[in-house]
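Peer 1: Dumping the structure here so I can ask a few things about it.
The values are calculated or read from the model by the stated rules, or taken from the named source; none is laboratory data. The structure displayed is predicted, hence computed values, not measured ones. Note that each Cβ is placed from the backbone with ideal geometry, even for glycine, and that neighbours are counted across all protein chains shown.
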Amino acid sequence: MVYFDKSQPAPSCLEAEKAKADGDYKCGDVLTRIKNDFKNKCYICEYKEPETINVEHFQPCGKDKDLKFSWENLFWSCGHCNNTKVGKYDNILNCTDHTHDIENRLKYTLKPFPFEEVNIEELDTSPETIATKNLLLEVYNGTTKLKTIESSNLRNKLLKEIMEFQGLLCDYFLDTNTQEDLEYFLVKIRGHIHRGSNFTAFKRWIILENNTLKSEFEKYFD
């Protein structure tokens, strides 16, 4: 997970729809704005342009119309993550709340060779951090037989993304690079560590775990 800034003010149609008996919280420009706010990424697994898209209620709404139509409660997620989270996790870190400092409370690791399961490490012991870690472990590693297959497919996409990113990092430090080469690779690397890229949290932790990479690229974290 990375931080996303939720646009303001809330779409005006939400209040009008809340007043209706059968109102629709996906009204007006709600979908377009949520898609843009979350960079068209699932806010949980960070897979960009997911094939299945849900407008998720961050806090389960039940029959609470205020929560159902709350702009702050509408998030962009993929079907796999939404179905994993369901009503089981209602006390996780909020990636749209800068006070939650979400990018400094969890560490993300994937070791491509040998290929292992994703590891998420909590960096504090708050209940919200622990719950978020547990959700992410279920998302990336699976629980049921079907979810384990879905998670494996997700990790395959993650692995390809990490291999491409690491290849760019290696290319950047080649002794034979010209200034033009360095500028080209830097543009590519900055694209990968932008919060709108696939699996940004994993890539940023690759940077943060290496002092050379950290001194070179951390300043480009947006």
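Listed here are the residues, each with its yes/no results for (1) of a type in the set (Asp, Glu); (2) at pLDDT 95 or above; (3) outside any helix (DSSP H, G or I); (4) touching a Pro at 6+ places or on another chain (Cβ under 8 Å).
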site: 182; (1), (2), (3), (4): no, yes, no, no
site: 197; (1), (2), (3), (4): no, yes, yes, no
site: 201; (1), (2), (3), (4): no, yes, no, no
site: 219; (1), (2), (3), (4): no, yes, no, no
site: 222; (1), (2), (3), (4): yes, no, yes, no
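Peer 1: Name the residue that is surrounded by the fewest Cβ atoms within 10 Å (Cβ to Cβ), counting only residues in region 39-64 that are within 12 Å of the chain's Cα centre (by Cα) and over 16 Å from residue 139 (Cβ atoms).
Peer 2: 49
Peer 1: Okay, moving on. Specify which of the listed residues (208, 137, 213, 146) is closer than 25 Å to residue 49 by Cα and either surrounded by 14 or more Cβ atoms within 10 Å (Cβ to Cβ) or basic (Lys, Arg) (or both).
Peer 2: That would be 137, the only listed residue that is closer than 25 Å to residue 49 by Cα and either surrounded by 14 or more Cβ atoms within 10 Å (Cβ to Cβ) or basic (Lys, Arg) (or both).
Peer 1: Return only the number of the condition from (1) in contact (Cβ under 8 Å) with a residue 60 or more places away in the chain; (2) part of a loop (DSSP other than H, G, I, E, B); (3) of a type in the set (Val, Ile, Thr) that residue 84 does not satisfy.
Peer 2: (2)
Peer 1: Restricting attention to region 89-109, does a residue exist that is farther than 26 Å from residue 166 by Cα, of a type in the set (S, T, N, Q), without any contact (Cβ under 8 Å) to a residue 24 or more places away in the chain and outside any loop (DSSP other than H, G, I, E, B)?
Peer 2: yes
Peer 1: Using beta carbons and a limit of 7 Å, which pairs, at least six apart or on different chains, have the first residue in region 200-222 and within 17 Å of residue 167 (Cα to Cα) and touching a residue at least 60 places away in the same chain (Cβ under 8 Å) and the second one assigned to a helix (DSSP H, G or I) and of a type in the set (A, V, I, L, M, F, W, C)?
Peer 2: What qualifies is 200/193; 202/158; 202/162; 204/193.
Peer 1: Continuing with this model, one more query. Answer yes if at least one residue in region 116-126 is under 14 Å from the mean Cα position of the chain (by Cα), of a type outside the set (A, V, I, L, M, F, W, C) and under 21 Å from residue 200 (Cβ atoms), and no otherwise.
Peer 2: For region 116-126, residues under 14 Å from the mean Cα position of the chain (by Cα), of a type outside the set (A, V, I, L, M, F, W, C) and under 21 Å from residue 200 (Cβ atoms): absent.
Peer 1: Further, regarding this structure: Is there a residue in region 128-139 that is at pLDDT 95 or above and among the acidic types (Asp, Glu)?
Peer 2: Yes.
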